[in-house]
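In what follows, a single structure is set out as structure tokens and then discussed.
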Amino acid sequence: MDEQNREQEKHVRRVHYSGTHPKHYAEKYKEHHPEKYGDTIEKVIRKGSTPAGMHIPIMVPEILEVLQIRPGEQGLDATLGYGGHTLKMMECMDHRGSMHATDVDPIESAKTRERLKNLGYGEDFLHIHLRNFAEVGELAREVGTFDFVLADLGVSSMQIDNPERGFSYKLDGPLDLRLDPTKGISAAERLQTVGLEELAGMLRENSDEPYAAQIAANIIRKRKQGVRIDTTTALRHIIEETLARLPAAERPEAVKKTSARVFQALRIDVNQEFEVLYAFLNILPEAVSSGGRIAILTFHSGEDKLVKKAFKEGLRSGVYSRIAEDVIRPSAEECARNPRARSTKLRWAVRA
């Protein structure tokens, strides 16, 4: 590289933003590079926020206590995401044994692969599979059963915070909501074809939405009027319009909570999350070695009920030798540091 090119590389212009602090996802260039701007990352976390482009792993000490990982074992992180949990589990293994991880998101899993490789965990030890965790049985037949398994059922923060993915009602972007944007149909496409009763049922069953009937009716009404509900903002405006008759003092909080529930319900539907979880729980015992430990983090009552039921049935049938008697929750300190941990529930089981 000649001197002129080196000078040009040195002086690449940073993203400019209005005001004193960056507000938009793309402007937060420091938060996207935690290895370079550690002080900035720590300040953001101390304020109770998650830095853009990254994910703070939840309940790490509790998970490691449950899994009791030993060097030389074979493990599985069924939901790779940002790789925070994966990294902590691999540190317990001391580069002995093998670690596997699955994820359906081709965009974020590629970033995570590179990030973990740069930390010293290459393909000789960490094996990332771009596949659904419901295929855990097939994976175990290919690589052998697992001594420990973690499944974190939450959506990663870097997916939520990226407006291009359409996961958040707070950010304007395409109404997509797919974990794998290369497969299936988007939430916008789903809303173009779903019927009134099915939509209302989806909102009730997937997120316990109290205004499910009214929101579903308004969405169908707008669709008949030729309104395209293809952005996150368009859907939020319909929710705001639906709740406009609420008392002014109650309305902002109601809109906020209802928007979160509606987006959650659509995400669960588009990605068939309950069906995938049911398939995963059904085949999971076949993929775990005798004495193997399982930890599952849930963020929704419907998910927790499925996990609780599967573990109890497994204990009765002798598939599991022990299961969590009570759900484990994150500490108050962790919730203060990471508000996205508040709804988390941890359940565990040990393979007979």
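The values are calculated or read from the model by the stated rules, or taken from the named source; none is laboratory data. Values in this document were obtained by computation on a predicted structure and should not be read as measured data. As a convention, Cβ positions derive from the backbone with ideal geometry for all residues, glycine included, and neighbour counts pool all protein chains shown. We work out accessible area using only protein heavy atoms, side chains counted, and drop any ligands, DNA or RNA first. Shrake-Rupley method; radii C 1.70, N 1.55, O 1.52, S 1.80 Å.
Against the criterion of solvent-accessible heavy-atom surface with a 1.4 angstrom probe, Ser156, Ser317 sort, most first, into Ser317, Ser156.
Label-to-label distance, Leu119 versus Asp326, with points set 7 angstrom from Cα along the beta-carbon direction: 3.2 nm. Heavy-atom accessible area of Tyr211 with all protein chains present, probe 1.4 Å, nearest 10 Å²? Per-residue accessible area (Tyr211): approximately 70 Å².
Roughly how many Å is it from the Cα centre of segment 159-227 to that of segment 297-345, as a whole number? A separation of 27 Å, based on Cα centres.
When Lys224, Lys170, Lys256 are compared by accessible surface with a 1.4 Å probe, the order from highest to lowest is Lys224, Lys170, Lys256. Taking the Cα of His95, stepping 7 Å toward and past its beta carbon, and measuring to each backbone N in segment 113-140: which are under 15 Å? The answer is 117-126, whose backbone nitrogens lie closer than 15 Å to the label point. Taking θ as phi - 60° and the Karplus parameters 6.51, -1.76 and 1.60, the scalar couplings of segment 321-330 work out to 8, 8, 9, 5, 6, 10, 5, 9, 10, x Hz in sequence order, x denoting glycine and proline.
The simple Förster model, with R0 at 35 Å and r as the Cβ-Cβ distance, assigns Arg245 and Ser301 a FRET efficiency of 0.80. With a 1.4 Å probe rolled over the protein heavy atoms of all chains, the accessible area of Arg223, Arg190 falls in the order Arg223, Arg190, largest first. Give me the net charge for the shell around Ile185: Cβ to Cβ below 11 angstrom, other residues only, Lys and Arg +1, Asp and Glu -1. Around Ile185, the charge tally is 0.
Applying 1/(1 + (r/R0)^6) with R0 = 41 Å to the Cβ-Cβ distance of Ser290 and Ala110, what FRET efficiency is obtained, to the nearest 0.05? FRET efficiency, Ser290 to Ala110: 0.75.
With a cut-off of 10 Å between beta carbons, the residues surrounding Gly292 carry a summed charge of 0, where Lys and Arg count +1 and Asp and Glu -1. Summarising the label geometry, the points placed 7 Å from Cα in the beta-carbon direction at Ser343 and Glu65 lie 2.5 nm from one another. Glu91 contributes an accessible area of around 100 Å² to the protein surface, as traced by a 1.4 Å probe with all chains present. The alpha carbon centroids of segment 235-292 and segment 51-116 are separated by 24 Å. Rounded to whole numbers, the Karplus 3J(HN,Hα) couplings from phi for segment 111-119 are 5, 5, 4, 5, 4, 6, 4, 5, 8 Hz, using 6.51 cos²θ - 1.76 cosθ + 1.60 with θ = phi - 60°, and x at Gly and Pro.
Database remark: amide H of Arg322 closer than 5 angstrom to the amide H of Val350 (H placed geometrically; neighbours at sequence offset of 5 or more, or on other chains; Pro and chain starts carry no H). With the simple model of a label 7 Å out from the Cα in the direction of the Cβ, Gln225 to Leu315 spans 5.2 nm.
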